[in-house]
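Q: Structure in structure tokens, see below.
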Amino acid sequence: MEVRKVAFFEVKHIVKNFGGLCAVNDISFTLEKGRVLGLIGPNGSGKTTLFNLINGFFPLTAGEIHFKGRRIDLLPTHMICTLGIARTFQVVKPLKRMSVLENVMAGAFLRTASVSVARQRALEILDFCDLSGKREMDAGKLTIADRKRLEIARALATEPELLLLDETAAGLNPKETEEAVEIIRKIRDAGIAIIIVEHKMKVIMGVSEKILAINFGREIVQGEPREVINHPEVIKAYLGDYYA
């Protein structure tokens, strides 16, 4: 009898309805540890909703989500985070009146009750994200690029094995975008699996081993990056019939 290998992370035929609107319709994929999946699609295609389903913000209408062999779609958000899935948000909202260091420490307290341990962990992460020099600055005074880094740092402080990145490069200039790509690569090289939503193809192509393209909540295609971005239906979804 053949024994089926358990995927590190698996989404199985998930559906999400909001009344009469089907925002996510029969999406399935797997992801292995330390790998990067790019999630692309035009605005309103269901990408952020998919993230909200993975980390428990919304309940599924149908389907299942499994992490390290355990079904997680019936668990509350805080438990999913405790198991090792963290996320960033498209609109970053740091704790503005707290310092950069304190923001990251807040995430580190998921794993420890010790202030000294949380502080040391936060300092290490700030160094990893190139924010050490701004650790005492009020988070509300950071530039958008540094706020994006802080958002990643706060997520990393929870010690995830899977990180969901929601438009990390949005609003960044070319130099800042390249720096964001380098941080994402460092996270991947540290063995953390990543699912990234991003409209900038340079970012997606620079970090992803596989891409899933969706539109109107449905899968268009998934596969190797070049294969996906050159797929006629993907081009049609982004640019229209003429370009396809």
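The values are calculated or read from the model by the stated rules, or taken from the named source; none is laboratory data. Just so you know, these numbers come straight off a predicted model, no measurement behind them. Neighbour counts are summed over all protein chains in view; Cβ atoms, including those assigned to glycine, are modelled from backbone coordinates with ideal geometry.
Q: Looking at the structure I just gave you, is Lys5 more than 30 Å from Ile144 (Cα to Cα), assigned by TED's automatic domain parsing to the domain that holds Val228, free of Cβ contacts under 8 Å to residues at least 12 places away in the same chain and basic (Lys, Arg)? Outline the logic, then answer.
A: Numbers: more than 30 Å from Ile144 (Cα to Cα): yes; assigned by TED's automatic domain parsing to the domain that holds Val228: yes; free of Cβ contacts under 8 Å to residues at least 12 places away in the same chain: yes; basic (Lys, Arg): yes.
So Lys5 passes the test.
Q: Exactly one condition in (1) outside the structural domain of His231 (by TED's automatic domain parsing); (2) closer than 24 Å to Ala169 by Cβ; (3) without any contact (Cβ under 8 Å) to a residue 12 or more places away in the chain is false for Asn52; which is it?
A: (1)
Q: Filter region 185-229 down to the residues that are basic (Lys, Arg) and assigned to a helix (DSSP H, G or I), then identify the one that is farthest from Gly84 (Cα to Cα).
A: Step one: list which residues in region 185-229 are basic (Lys, Arg), which gives 185-186, 188, 200, 202, 210, 218, 226.
Now narrow it down to the ones that are assigned to a helix (DSSP H, G or I): 185-186, 188, 202, 226.
Numbers: Arg185: 19, Lys186: 18, Arg188: 15, Lys202: 28, Arg226: 30 Å.
In this case the residue turns out to be Arg226.
Q: Among (1) farther than 19 Å from Phe9 by Cα; (2) surrounded by 18 or more Cβ atoms within 10 Å (Cβ to Cβ); (3) touching a strand residue (DSSP E or B) at 6+ places or on another chain (Cβ under 6 Å), which single condition is Ile211 missing?
A: With respect to (1) farther than 19 Å from Phe9 by Cα; (2) surrounded by 18 or more Cβ atoms within 10 Å (Cβ to Cβ); (3) touching a strand residue (DSSP E or B) at 6+ places or on another chain (Cβ under 6 Å), Ile211 is out only on (1).
Q: If you go through region 126-144 one residue at a time, do you hit one that is closer than 16 Å to Ile192 by Cβ and at pLDDT 95 or above? First the steps, then the outcome.
A: Kept after step one, since they are closer than 16 Å to Ile192 by Cβ, are these residues of region 126-144: 128-129.
Applying the additional criterion that residues be at pLDDT 95 or above yields 128-129.
Yes - at least one qualifying residue is present in region 126-144.
Q: While we're here: So, in region 67-110, how many residues would count as being in a helix (DSSP H, G or I) and closer than 25 Å to Ser28 by Cβ?
A: The number of residues fulfilling the criteria is 5.
Q: Of the residues Ser28, Ser45, only one is touching a His at 6+ places or on another chain (Cβ under 7 Å) and in the same structural domain as Met201 (by TED's automatic domain parsing); which?
A: Just a single option satisfies the conditions, and that option is Ser28.
Q: Any idea which of Leu172, Leu156, Leu165 is within 20 Å of Thr48 (Cα to Cα) and modelled with pLDDT under 95?
A: Unique residue meeting the criteria: Leu172.
Q: Could you give me the residue pairs with C-beta distances under 7 Å whose first residue belongs to region 215-239 and is free of Cβ contacts under 8 Å to residues at least 24 places away in the same chain and in the same structural domain as Leu31 (by TED's automatic domain parsing), whose second residue is part of a helix (DSSP H, G or I) and surrounded by fewer than 18 Cβ atoms within 10 Å (Cβ to Cβ) wherever it lies, and which are 6+ apart or on separate chains?
A: As it stands, the answer is Val221/Glu233, since those pairs meet every condition given.
Q: Keeping to region 81-97, report how many residues are out of contact with any strand residue (DSSP E or B) (no Cβ under 7 Å at 6 or more places or on another chain) and over 24 Å from Gly46 (Cβ atoms).
A: Going through region 81-97 one residue at a time, the tally reaches 3.
Q: Hey, any hits in region 158-165 for a residue that's buried (at least 23 other Cβ atoms within 10 Å of the Cβ) and among the polar types (S, T, N, Q)?
A: no
Q: Search region 143-171 for residues that are at positive phi and pair each with any residue that is part of a helix (DSSP H, G or I) when their beta-carbon atoms are under 6 Å apart and the residues are at least 6 apart or on different chains.
A: Hits for this filter: Gly171/Ile144.
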